Amino acid sequence: MRPEELRERQARSAEPPESLAELIEREFALIGKRLRKVDGAGKVTGSTPYTDDIAFPAMLHGRILRSPHPHARILSIDTSAAEALAGVHAVITGRDMPEPYCIIPWTRDETPLCVDRVRFIGDGVAAVAALDEETAIRALDAIRVEYELLEPVLEPEAALRPDAPQIHDAGKPGRNGNITKHVRLEFGDVDAALASSDVVIEGDYFFEGSTHAPIEPHCAIGWCDALGRLTVWSSTQVPHYVQREIARVLDLDVATVRVVQPAVGGAFGGKSEPFDLEFCVALLSMRTGRPVKILYTREEVFYSHRGRHPMKMAYRLGATKEGRIRGVDGRILIDGGAYASFGLVTTYYSGQLLTAPYAFETYRFDSTRVYTNKPPCGPKRGHGSVQPRFAFEVQLDKLSERLGIDPIELRRRNFIGDRTRTINELRVTSNGFLACLDAVESASDWCRKWRRMPFGQGVGVAGSCYISGTNYPIYPNEMPQAAVQIMVERSGRVMVLSGASEIGQGSDSAVAYIAAEELGVPLDYVRVRSADTDLVPVDLGAYSSRETFMVGNACVRAAKELNLRIREAVAAEWDVPAQRIRLAGGWALDTGDGARRIPVSEAFNIAEARSGPLSAIGSYNTPKDVHGEYRGATIGASPAYSFTAHVAEVEVEPETGVVGVRRIWIAHDCGRALNPMLVEGQMEGSAYMGFGEALMEEQIFKNGESGRAGLHNAPSLLDYRIPTSLDTPELEALIIESVDPEGPYGAKEAGEGPLHPSIPAIANAIFDAVGIRMDALPFSPPRVWKALQHAAGHARWERSRPPGTRPGVAAD
Amino acid sequence: MRNMLTFIVNGDAIEAGVPEHFTLLEALRYEFGLTGSKQGCDKGDCGACTVLLDGEPVLSCITPAAEAAGREVRTVEGLAEPGRLSALQDAFDTCGAAQCGFCTPGILMSATALLERTPVPTREEIRAALSGNLCRCTGYTKIYEAIEKAAAVMSGRDAQALGPAGGRRA
């Protein structure tokens, strides 16, 4: 194609000249638009490969043998019969990989396969690689493990007893080895504040554990080449940490280990640390010289878990008679399951993240995470803070009931404000919480519904805040938290190399929108390659809602650097100041001369001729002055916080205890919506997930009377009961944009914050509907029905009506 | 033991020796290289493996491969027209109905069967038709909107009349 032809073709794919005047006036060409996702076409055609869709010639299939006992010593493992089976290529046990690991370097307490002790039903004991899955399953059956059974500890209170069987050895003599972490922090004199409060609300709450249940089961493929270079493809959301830990545990040079994350079919925190299968495929491939794949069964996904911690919470809330919060005192017992996982952080988060969006005059929390012989808990969407948020927002509703103050008004009165510090010294920048409250109040028609609907129907409100990334990486280092490289090619194509883990949330699309915005190219010119440790700069992964904020900022910096270089080159060519040049809509434009423009690829050529090939790396690191100086002050610190308010409307059948949620209004302050369609998707998906936890889902275990102690009660999607389309309420997403000073174009997180208020909003709506308090999850028909029998709910419901609206009482 | 069977998959007649214990999903994924249909649970709970068998949605992970022999199988790979997305796929893409995308192939097949049976379904009919397909990402809202948009496009109504995809801005 001749240059003129190319120019004409590219001009046709650019914005038409008549719309350029309007384009120049706009702050953004693409940001804020409802654009397609860059990986959308592959997903709707089924052509995008997920890990299990990848196969290699001569690939072997692996399986992991799992413990049938909740707590036992391994006396011996005999793998000889399995090894002798035709088609079996390798068998490994815990002794082949005895180096312990954990995502948190201070609590390394698990090995890929158990070495001498199993700690839950489902704990990995041995692994095989065979020609096909059927042979691998037969090989597992042929492995003989001799166990000495130990007494299991299933309840967190039992784990705390001084004479409790020890699940892990105590780090120091005299300590209880069943305690992962204990944190007690106090800000101000809580006891004095409570003693002098006008009202004190006390409540005990129980949050049942829940699991992520991504529809894609975990899968990994290991392939060690003839020179010992290892590649692991894995359905992970943290390729960088997986790369580091595989190298450390298997004693490899990390520079020879490559981790590739193909498309991931849902994660929600459930794939955010190394798992046994990643180590096993790596070692099995090293042993056999062939690629080895392991795909979890659905049952194994439930055992691997790392989901929401069950928490038993006791709160005291002191307030003035006007409803201002004077003191908050929380005691939390956290059931951690068999291993630490992120538990150290969970323990801090259970207290640290409660201190906004309301101002606390004083605050204390005392949180203890203990081990039990159940699948390990970890981070699930809204890590560590969904449980206390449920309890606290119900406490606020009780305060509102006691004082006769509308619960939305009560929340407004306690608003902490923007550009401020919380009682535990977290720096808050932008804060759109009041706008969130206004939005749900108006959209839900709150004023005409609350305390005014007939018995059986009600509305409830709740609020929350969440982090946009953690201020510090998981392993201490001074390097950037995120980096993005952009390469601009002569044709006009823009290649974005991003470390971010695309798990469905749209992180590949976010960097593509940013690059297209800054470089002025049509979105189709942008290619994104992400989460392949051989190709992309380090990013720490998709956890703690950090991708849009941190990777987005890194991408903005790289793109702006290139933008400037290109504009300067064009400006020199045209002999005008660089600030007059804009790259937008497929063009390089002279904003001072409406007629002067060239296709953007020509501008790239001018710049490349002037200063060489166009490439830039941008990075982001967090500001360090955003937290206090006390021990633990950094955990919970984030460069920015998102804010959310929900109103839920419910219908309760008093005869059956069945709660139907009609609709949830979700208002979320995401700073700025880079693509409102994707932000709404995160808000709706979050509210759905909270709804499921509130009403349906239960990660529970048999107690010895109902079946084998410690056995998962229902390790299947149907029995665990995640919501179907028929269960899920109408969800209405209301985006609030507070434009954060630190976020990319002002953006903050949207993936986790909007889950928090669903659960307390539903609990508070149930109170409005039938006058009972649901302080324990889930609000299942038997629990609701029982509460209705006990509470004389109807009388309490009648008392809660404002004067003039009580049934049978005439208005004055 | 392998059985020689003839399958009609997305219009192609395929003769293959398929292990007799294979499910239709295993035949599609392991024998025919059609990995668009997904395995989420392998026991008929999640619907990610949904394909059309003689036009009816079935769970291919619990359908013996032999049962599909000689019958017409349609999978997600058979939906797009050459070089472009079908109206339904396009609506999923423009409405943000696929987040992680793992349930999407199965949902597209259930929705295809629905739209062939009921060209302009109500929201309730859509909910009922998708009740065997679990989505863990979206909360279903954007999926409903995409199916409604596709129905409008396919039945010739002006999709713009439905307004912008998605919820409202405050």
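In the stretch A:497-524, the residues that are surrounded by fewer than 24 Cβ atoms within 10 Å (Cβ to Cβ) reach residues that are of a type in the set (D, E, K, R) and assigned to a strand (DSSP E or B) with C-beta atoms within less than 7 angstrom, at least six apart or across chains, in these pairs: A:Leu497/A:Arg529.
Within the stretch B:71-81, not a single residue is within 12 Å of chain A (Cβ to nearest Cβ), within 23 Å of A:Glu300 (Cβ to Cβ), in contact with a strand residue (DSSP E or B) (Cβ under 8 Å, 6 or more places away or on another chain) and not aromatic (Phe, Trp, Tyr). In the stretch B:124-149, the residue that is surrounded by the most Cβ atoms within 10 Å (Cβ to Cβ) out of those that are more than 9 Å from chain A (Cβ to nearest Cβ) and either over 14 Å from the mean Cα position of the chain (by Cα) or closer than 15 Å to A:Glu730 by Cβ (or both) is B:Glu145.
Pull up the stretch A:692-722, narrow it to residues that are more than 28 Å from A:His756 (Cβ to Cβ) and of a type in the set (D, E, K, R), then point me to the one that is modelled with the highest pLDDT. That would be A:Lys702. When the stretch B:78-115 is filtered for residues that are surrounded by fewer than 24 Cβ atoms within 10 Å (Cβ to Cβ), more than 19 Å from B:Gly47 (Cα to Cα), modelled with pLDDT of 95 or more and not hydrophobic (A, V, I, L, M, F, W, C), the ones remaining, listed by number, are B:Ser86, B:Asp90, B:Asp93, B:Thr94.
Out of the stretch B:35-64, which residues are among the aliphatic types (A, V, I, L, M) and at the interface with chain A (Cβ under 8 Å from one of its Cβ atoms)?
Taking the stretch B:35-64 first, the residues among the aliphatic types (A, V, I, L, M) are B:48, B:51-53, B:58-59, B:62.
Answer for the stretch B:35-64, where residues must be among the aliphatic types (A, V, I, L, M) and at the interface with chain A (Cβ under 8 Å from one of its Cβ atoms): just B:Ala48.
At least 2 residues being among the aromatic types (Phe, Trp, Tyr) is the threshold, and among the helices (runs of 4 or more DSSP H) wholly inside the stretch A:673-772 those reaching it are A:676-695.
Listed here are the strands (runs of 3 or more DSSP E) enclosed by the stretch A:174-280 that have at least 3 residues being over 29 Å from the mean Cα position of the chain (by Cα): A:199-207.
The set of residues from the stretch A:334-367 being over 18 Å from A:Arg631 (Cα atoms), assigned to a strand (DSSP E or B) and hydrophobic (A, V, I, L, M, F, W, C) comprises just one member, A:Ile334. Among the residues making up the stretch A:479-506, those that are in a loop (DSSP other than H, G, I, E, B) and more than 24 Å from the chain's Cα centre (by Cα) are A:Glu489, A:Arg490, A:Ser491, A:Gly492, A:Arg493.
Give me the residue from the stretch A:455-468 that is out of contact with any Leu (no Cβ under 9 Å at 6 or more places or on another chain) and buried (at least 24 other Cβ atoms within 10 Å of the Cβ) and, out of that set, nearest to A:Arg7 (Cα to Cα).
A:Ser468
Evaluating A:Arg331 against the criteria (1) without any contact (Cβ under 8 Å) to a residue 40 or more places away in the chain; (2) assigned to a strand (DSSP E or B); (3) surrounded by 24 or more Cβ atoms within 10 Å (Cβ to Cβ) leaves one unmet condition, (3).
So in the stretch B:15-34, with the set limited to residues that are in a loop (DSSP other than H, G, I, E, B) and within 12 Å of another protein chain (Cβ to nearest Cβ), which one is surrounded by the most Cβ atoms within 10 Å (Cβ to Cβ)?
If we filter the stretch B:15-34 for residues that are in a loop (DSSP other than H, G, I, E, B), which is where we start, we get B:20-22, B:32-34.
This time we only want the ones that are within 12 Å of another protein chain (Cβ to nearest Cβ), so: B:21-22, B:33-34.
Working: B:His21: 11, B:Phe22: 20, B:Gly33: 10, B:Leu34: 23.
By that ranking, first place goes to B:Leu34.
Among the residues of the stretch A:107-119, those that are within 22 Å of A:Ser285 (Cα to Cα) and either in the same structural domain as A:Phe342 (by TED's automatic domain parsing) or not hydrophobic (A, V, I, L, M, F, W, C) (or both) comprise A:Glu110, A:Thr111, A:Pro112. Scanning the stretch A:175-213 for residues that are farther than 24 Å from A:Thr346 by Cβ and either acidic (Asp, Glu) or within 14 Å of chain B (Cβ to nearest Cβ) (or both) returns A:Asp189, A:Asp191, A:Asp198, A:Glu202.
Can you say whether A:Ala462 is within 30 Å of the chain's Cα centre (by Cα), within 14 Å of another protein chain (Cβ to nearest Cβ), within 24 Å of A:Arg662 (Cα to Cα) and not basic (Lys, Arg), as far as the supplied structure shows?
On the way: within 30 Å of the chain's Cα centre (by Cα): yes; within 14 Å of another protein chain (Cβ to nearest Cβ): no; within 24 Å of A:Arg662 (Cα to Cα): yes; not basic (Lys, Arg): yes.
So A:Ala462 does not fit the description; no.
Can you say whether A:Gly87 is within 14 Å of chain B (Cβ to nearest Cβ), in contact (Cβ under 8 Å) with a residue 40 or more places away in the chain, surrounded by fewer than 19 Cβ atoms within 10 Å (Cβ to Cβ) and of a type in the set (Gly, Ala, Ser), as far as the supplied structure shows? Criteria not met by A:Gly87. Cβ contacts < 7 Å: first residue away from chain B (no Cβ under 14 Å), restricted to the stretch A:20-45; second residue hydroxyl-bearing (Ser, Thr, Tyr) and not in a loop (DSSP other than H, G, I, E, B), any location; separation 6+ or different chain. Result? From residues that are away from chain B (no Cβ under 14 Å), the pairs are A:Leu30/A:Tyr513; A:Ile31/A:Tyr513; A:Ile31/A:Tyr745.
In the stretch A:377-462, which helices (runs of 4 or more DSSP H) lie fully inside it and hold 3 or more residues that are aliphatic (A, V, I, L, M)? Explain how you work it out, then say what you get.
Working: elements: A:386-403, A:407-413, A:433-443, A:446-449.
Ranges flagged: A:386-403, A:433-443.
Looking across the stretch A:542-587, the residues that are more than 17 Å from A:Arg672 (Cα to Cα), among the hydrophobic types (A, V, I, L, M, F, W, C) and touching a Pro at 6+ places or on another chain (Cβ under 7 Å) come down to A:Ala571, A:Trp587. If the condition is being within 17 Å of A:Asp276 (Cβ to Cβ) and either part of a loop (DSSP other than H, G, I, E, B) or within 13 Å of chain B (Cβ to nearest Cβ) (or both), then the stretch A:53-68 contributes A:His61, A:Ser67, A:Pro68.
Is the stretch A:120-128 home to any residue that is at pLDDT 95 or above, in a loop (DSSP other than H, G, I, E, B), assigned by TED's automatic domain parsing to the domain that holds A:Leu75 and in contact with a Cys (Cβ under 8 Å, 6 or more places away or on another chain)? Steps first, please.
In the first step, residues of the stretch A:120-128 are kept if they are at pLDDT 95 or above; the result is A:120-128.
Remaining after also requiring in a loop (DSSP other than H, G, I, E, B): A:120-123.
Cutting the leftovers down to assigned by TED's automatic domain parsing to the domain that holds A:Leu75 gives us A:120-123.
If we keep only those that are in contact with a Cys (Cβ under 8 Å, 6 or more places away or on another chain) as well, we get A:123.
Yes, because at least one residue in the stretch A:120-128 is at pLDDT 95 or above, in a loop (DSSP other than H, G, I, E, B), assigned by TED's automatic domain parsing to the domain that holds A:Leu75 and in contact with a Cys (Cβ under 8 Å, 6 or more places away or on another chain).
The values are calculated or read from the model by the stated rules, or taken from the named source; none is laboratory data. For clarity, every value in this text was computed on a predicted model and none was experimentally measured. With ideal geometry, Cβ positions are generated from the backbone for all residues, glycine too; neighbour counts draw on all protein chains shown.
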